[in-house]
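Participant: First the structure, then my questions, so here it is.
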Amino acid sequence: MTSFSPGFQGRGRRPADRLPPGQYPTEQFPVLSAGPTPKVPTATWEFTVTTERGATHRWSWEQMMALPQEDTVHDIHCVTRWTKFDTHWRGVPLDVFLAEVDTSADFAVVAGHGGYTTNLPLQDLRDGRAWLVHSYDGYPLSPEHGGPARLLVPHLYFWKSAKWVRGLRLTHEDEPGFWEGAGYHDYGDPWREQRTWGD
Ligand SMILES: Nc1nc2c(c(=O)[nH]1)N[C@H]1C(S)=C(S)[C@@H](COP(=O)(O)O)O[C@H]1N2
Ligand SMILES: [Mo]
């Protein structure tokens, strides 16, 4: 399965309309990591989803790569104010994983290797709005950008897109992640400029 989803940016919108308030466009792809780049071999890689009742679903690298894949193009917005238009990714929509999970949780805490966490409403991972991506611009995702696999949630500030993603923990209560606990906005909508706690 291969499809191109324009996402919320919408094909045909003029670049000026695609730039959220307070952002500037960049051609670069900056690297922003809160710590060292972890080595994550695909041989031992797994992606887990743990429900509010403690049931854990697991996918190995091979199992993940055998799931329906999508090519998807998005504008990405970092809270440090850069926006990069039309980034090309390939990966598995989160809907595909979540279809196998019985849950009534409202929130997800996303964890990356190295200790990074970020929280968001579970709904924001559904309906074709989030992916586990392993390729960028036609090549395997580089370690600096979160390879072998990262989360991609392009409708929220890019700190929600956890690099070196290793799993989701589903919860009834909202639990702030790494940056959210340090004063970043809990939700992080770039169009409403939700940068920090008070926005
Ligand atoms: N595991 C992990 N994921 C992370 C981060 C991090 O420090 N560790 N930084 C976040 C932030 S603040 C941003 S802007 C993007 C940066 O992704 P990039 O380095 O590919 O540009 O990753 C997000 N995901
Ligand atoms: Mo960021």
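Participant: What spacing in nm lies between the two simple spin-label points modelled at residue 126 and residue 39, each 7 Å away from Cα in the Cβ direction?
Facilitator: Going by the 7 Å Cα→Cβ label model, 4.0 nm.
Participant: Please find the FRET efficiency linking residue 192 to residue 106, where r is the Cβ-Cβ separation and R0 is fixed at 25 Å, and quote it to the nearest 0.05. Mind dumping the intermediate values first?
Facilitator: Values: r = 20 Å, r/R0 = 0.81.
About 0.80, to the nearest 0.05.
Participant: Here's a follow-up. Decide, for the chain, between rounded, prolate and oblate: order the square roots of the alpha carbon gyration tensor eigenvalues as a ≥ b ≥ c, take rounded if a/c falls under 1.5, and otherwise choose prolate if a/b is larger than b/c, else oblate. Mind showing how you got there, number by number?
Facilitator: Details: a/c = 1.44, a/b = 1.20, b/c = 1.20.
It is rounded, given that a/c, with a ≥ b ≥ c, falls under 1.5.
Participant: Run the dipole for the chain about the Cα centre, Lys and Arg Cβ at +1, Asp and Glu Cβ at -1, nothing else charged, and hand back the magnitude in debye, nearest 20. Each step should come with its number before you reach the end.
Facilitator: Details: 19 positive and 25 negative charges, 97 e Å.
Dipole magnitude for the chain comes out near 460 debye.
Participant: Run through the range 80-180 and list the trypsin sites (Lys or Arg not before Pro) located in a DSSP loop whose Cβ has at most 16 other Cβ atoms within 10 Å. Let's see the in-between values first.
Facilitator: Details: sites: 81, 84, 90, 126, 129, 150, 160, 163, 166, 169; in loops: 81, 126, 129, 163.
Counting only loop positions with at most 16 other Cβ atoms within 10 Å, the trypsin sites (Lys or Arg not before Pro) in the range 80-180 are 81, 126.
Participant: Taking amide H positions as placed in the peptide plane 1.01 Å from N, state which residues far from residue 135 in sequence (5 or more) or on other chains have amide H under 5 Å from it.
Facilitator: 90, 141
Participant: If you don't mind, there's one more thing I want to ask. Mind checking which aspartates and glutamates have their C-alpha under 14 Å from residue 84, skipping anything on the same chain fewer than 8 residues away?
Facilitator: Of all the aspartates and glutamates, those that pass the test against residue 84 - Cα under 14 Å, at least 8 places apart if same chain - are 17, 27, 75, 137.
Participant: Run the simple label-point estimate for residue 99 and residue 86 please: 7 Å along Cα→C-beta, distance reported in nm.
Facilitator: Label at residue 99, label at residue 86, 3.1 nm between them.
Participant: Mind checking which of 107, 29, 85 has the largest fluctuation in a GNM of the chain, springs on alpha carbons under 10 Å?
Facilitator: Ranking 107, 29, 85 by mean-square fluctuation puts 29 first.
Participant: Another question, then. At a Förster radius of 41 Å, what calculated FRET efficiency corresponds to the Cβ-Cβ distance of residue 28 and residue 53, to the nearest 0.05?
Facilitator: Working: r = 44 Å, r/R0 = 1.07.
The calculated FRET efficiency here is 0.40.
Computed from the coordinates by the stated procedures, all read-outs in this text should not be read as laboratory data. What you are looking at is a predicted structure, and each value in this text was computed from that prediction instead of being measured. For neighbour counting, all protein chains shown are included, and Cβ atoms are generated from backbone atoms with ideal geometry for every residue, glycine included.
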